[in-house]
Amino acid sequence: MFGLVPFNTRNDIMMRDDEFSRLFDWMNRPLMSLFQDAGFSGSAFKVDVKDNDTNYELTAELPGVTKDDISLTYKDNYLTVATKQEHTKDEKDENGSYIRRERYSGSMSRSFYIDNIDETKLDAEFKDGVLRVILPKADAPKEEPLKEIPIRAV
């Protein structure tokens, strides 16, 4: 069985698009552009999960992340993909003094509930900003035939 652990816990009341929300978004737009300029998108990374016959295949897009920035764990039937990044953006004039210097550090993680996995055969690879994780399914337990229980007449 495979289950996504939600990372966005907003409810219907919070998701209403009322006038106040639009006004607030409009007023904060310049502030949000500063975060985006520093490399912060404000949302978790995108993940695709495919259920094949013999395994699950998870593909996560992690642009700008190195292999050393990724933590991949499987414990108590939860697969967790976590990243931690630190960026510095420098801009200099012709004299070499800083006009602007920005730093960004942050972390993101996603968790997935996946049971019936053969933990000895987990495999992961990271190439060109894409993490690919193969989670082989464990052999299904053999079903025992239904045993008929005799009922005694009393």
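The values are calculated or read from the model by the stated rules, or taken from the named source; none is laboratory data. Quick caveat: nothing in here was measured; it's all calculated off a predicted structure. Note that we place each Cβ from the backbone using ideal geometry, even for glycine, and neighbour counts take in every protein chain shown.
A few comments on the model shown:
- Residue check for residue 112: assigned to a strand (DSSP E or B), touching a Leu at 6+ places or on another chain (Cβ under 7 Å) and not basic (Lys, Arg): yes
- Taken together, the residues in segment 26-62 that are aliphatic (A, V, I, L, M), part of a loop (DSSP other than H, G, I, E, B) and at pLDDT 50 or above amount to 2.
- Residues in segment 66-84 that are assigned to a strand (DSSP E or B), farther than 13 Å from residue 119 by Cα and of a type in the set (D, E, K, R): 1 in all.
- Test: residue in segment 136-143 that is at pLDDT 85 or above and either within 23 Å of residue 44 (Cα to Cα) or not small (Gly, Ala, Ser) (or both): yes
- Just so you know, in segment 90-120 the residues that are of a type in the set (Lys, Arg) and over 22 Å from residue 44 (Cβ atoms) include one that is modelled with the lowest pLDDT, and it is 92.
- Those residues of segment 125-154 which are part of a strand (DSSP E or B), of a type outside the set (Val, Ile, Thr) and either touching an Asp or Glu at 6+ places or on another chain (Cβ under 7 Å) or surrounded by 15 or more Cβ atoms within 10 Å (Cβ to Cβ) (or both), in sequence order: 126, 131, 132, 135, 136, 137
- Taken together, the residues in segment 125-151 that are basic (Lys, Arg) and touching a residue at least 60 places away in the same chain (Cβ under 8 Å) amount to 2.
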